[in-house]
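A short reminder: the numbers here are calculations on the coordinates, not readings from a lab. All figures in this text were calculated on a predicted structure; none of them were measured in a lab. For neighbour counting, all protein chains shown are included, and Cβ atoms are generated from backbone atoms with ideal geometry for every residue, glycine included.
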Amino acid sequence: MHIIPASQEDVDVIQRRGANDSCPPPFEEAIGADHQSFDIYVENIKSATDDAEKIRWRNQLTWAVARHAISEELTLYPAMEKWLGEEGVQLSKTDKEQHQGRLKVKESLYEIQDMAPTDPSFWPKLDTLMDHLHHHIEHEKDEDMPRLEKLLPRAESEALARSFQRTKNIVPTRSHPAAPTEYYAESLVALLAAPIDRLQDWLRDFPTEEDGKRAEERREKL
C-alpha cells in the first residue's frame, strides 16, 4: 500500500517556530521551507538504492514543486503587485517567465514527472530542472522577498503565509505547462485540473515512513 503524501512540510515550517507559538510563519519562511524541501527530495532520489524508491521520491518532488509553483502565482505574485506597485508587476513578470517561459521550470518538471529513472535522459533532465529552480529561487530570495517583506506588516505576512499553505491544498499536483498564468484563468484551470491530479495520485506510489528513515540514515552517513 502506498501513502498519499500529507502536507507535512506545511506543518514542519509552522512547528519550527516553537510549540508555544501559535502564529503561522512569515510569508518568506513559508516560501523558503518549500525551497529547502526540493533539494532534499532530489538528494533522496539520487541516494535511493532501488528504482522503485527513486520513483516514489520523484513523485514526491513533482507533487511538491507543482503545488508550490501554482500557489506562488496565486498568492506571492498578486501580493508583490499590490504592495510594490509597478516594480512588483515587473518582478512577478520575471518570475512567471522563469516558471513557464525563459527557464521553463514547469516544462522541465513535466518532462520528468512520468519518466523512469532507468531512462538515460532522466538524470540530465533532473539536473536541468534543479538548475532552473535554483536560479528562480535565488531571484525570489534576493529580489522578491526582501522587497515585499520590508513593506508587509507582520499580520499581513502571516495572513499571506496561511493563504499560501491553504492554496497548496487545492491546486494541481502535477505540472501543466500549457496552463495560463493570468490570475483568474489560472484559478479556474487549477480548480478543474486539481481533482483529476489528486485522483490519479491514488494510483501513484509516494515515499513511506521507512523510505524517510532510510533517507535520513543515508544523510547521516555522509
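One table, with the values for the structure above:
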{"quantity": "Mean separation of Cα contacts under 8 Å, 6 or more apart, over the residue count of the chain: relative contact order %", "calculated": "33 percent"}
{"quantity": "Charged-residue dipole, Cβ positions (Lys, Arg, Asp, Glu), the chain about Cα centre, Debye nearest 20", "calculated": "300 debye"}
{"quantity": "Dipole of the chain [Lys/Arg +1, Asp/Glu -1 at C-beta], most positive-end residue of TYR184, MET80, VAL42", "calculated": "TYR184"}
{"quantity": "Per-selection metrics, the chain (Cα): Rg and Dmax in Å", "calculated": "17.2, 50"}
{"quantity": "Residues of type lysines that LYS96 reaches as a straight line, Cα spacing below 30 Å, ignoring anything fewer than 8 places off in the same chain", "calculated": "LYS46, LYS54, LYS82, LYS104, LYS106, LYS125, LYS141, LYS150, LYS168"}
{"quantity": "Peptides ranked, highest mean first, by Cβ atoms within 10 Å: ranges 106-115, 48-57, 183-192", "calculated": "106-115, 48-57, 183-192"}
{"quantity": "q = 0.12, 0.19, 0.23 Å⁻¹: log10 I(q)/I(0) that the Debye formula gives for region 77-196, counting C-alpha atoms only", "calculated": "-0.52, -1.19, -1.42"}
